[in-house]
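The values are calculated or read from the model by the stated rules, or taken from the named source; none is laboratory data. Please read all numbers here as calculations on a predicted model, not as lab measurements. For neighbour counting, all protein chains shown are included, and Cβ atoms are generated from backbone atoms with ideal geometry for every residue, glycine included.
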Ligand code: ADP
Ligand code: ADP
């Protein structure tokens, strides 16, 4: 479980991006972080894997205060999909997906079969795609690879910053369905950022609504649909 206790973030230029938030993200759920541009979604995500340090308050993962944790160790347990995909351009799709498993010392047969399995999960034929470079794929295909790459070493927590942005509406719906199906299968904690309420209502188990650096509401889609 990820827990924020009275967390604030003031950037060095004085911007108060996060103003004392409390969140509890239960284990194994698909959680949407939603709110208008500039409300603090990315800052919140980056504090979970210590790319940004809170100015105040404490973040716990499974009861442990993350300030005391080694960053490298922490990030090995957290898959992160950044906004603009972030595949490494000089590596093939297979090399990109297997990067963390290889760093963790997986055997060749193990990571190769994992790459095949993950590509198939998102509808990319392994033999066609694994030896290609990112720029030889369409935007939607790259985004799919970005998503499964975060899952490759089966981290307990996966953070996705607007994983569906930059997709055409059809690919977007497909990838939403794929992510939901994947989540049901692997039962990992997945937190994704969106500014699309329909998307959050469609796939999330819980929705955290942010506004101006604060939490406005935390609810399930069912609760929001009954009491909009
Ligand atoms: P911190 O104090 O948390 O280290 P910094 O203020 O040093 O954060 O900024 C970290 C990075 O974010 C820098 O590379 C900076 O260029 C970039 N940055 C600065 N202002 C903004 C902004 N308003 N929105 C997004 N990124 C910004
Ligand atoms: P969101 O992801 O919801 O669009 P962000 O977390 O990126 O929001 O930004 C929250 C606020 O903090 C915004 O006002 C943004 O301009 C500001 N901000 C983000 N990064 C930095 C930074 N590195 N330095 C200064 N201000 C920043």
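Quick check on residue 142: is it at pLDDT 85 or above, surrounded by 14 or more Cβ atoms within 10 Å (Cβ to Cβ) and on the phi < 0 side of the Ramachandran plot? Yes; evaluated as a whole, the condition is true for this residue.
Checking each residue in segment 43-59 for being more than 13 Å from ligand 2 (Cβ to nearest atom) and touching a helix residue (DSSP H, G or I) at 6+ places or on another chain (Cβ under 8 Å) picks out 49, 50, 58, 59.
Scanning segment 18-42 for residues that are more than 16 Å from residue 163 (Cβ to Cβ), near ligand 2 (Cβ under 8 Å from one of its atoms) and surrounded by fewer than 21 Cβ atoms within 10 Å (Cβ to Cβ) yields a count of 3. All conditions in (1) outside any strand (DSSP E or B); (2) on the phi < 0 side of the Ramachandran plot; (3) in contact (Cβ under 8 Å) with a residue 12 or more places away in the chain hold for residue 59, with the sole exception of (1).
Out of the residues in segment 146-165 meeting the condition of being within 17 Å of residue 102 (Cβ to Cβ) and free of Cβ contacts under 8 Å to residues at least 60 places away in the same chain, tell me which one is surrounded by the fewest Cβ atoms within 10 Å (Cβ to Cβ). In this case the residue turns out to be 154.
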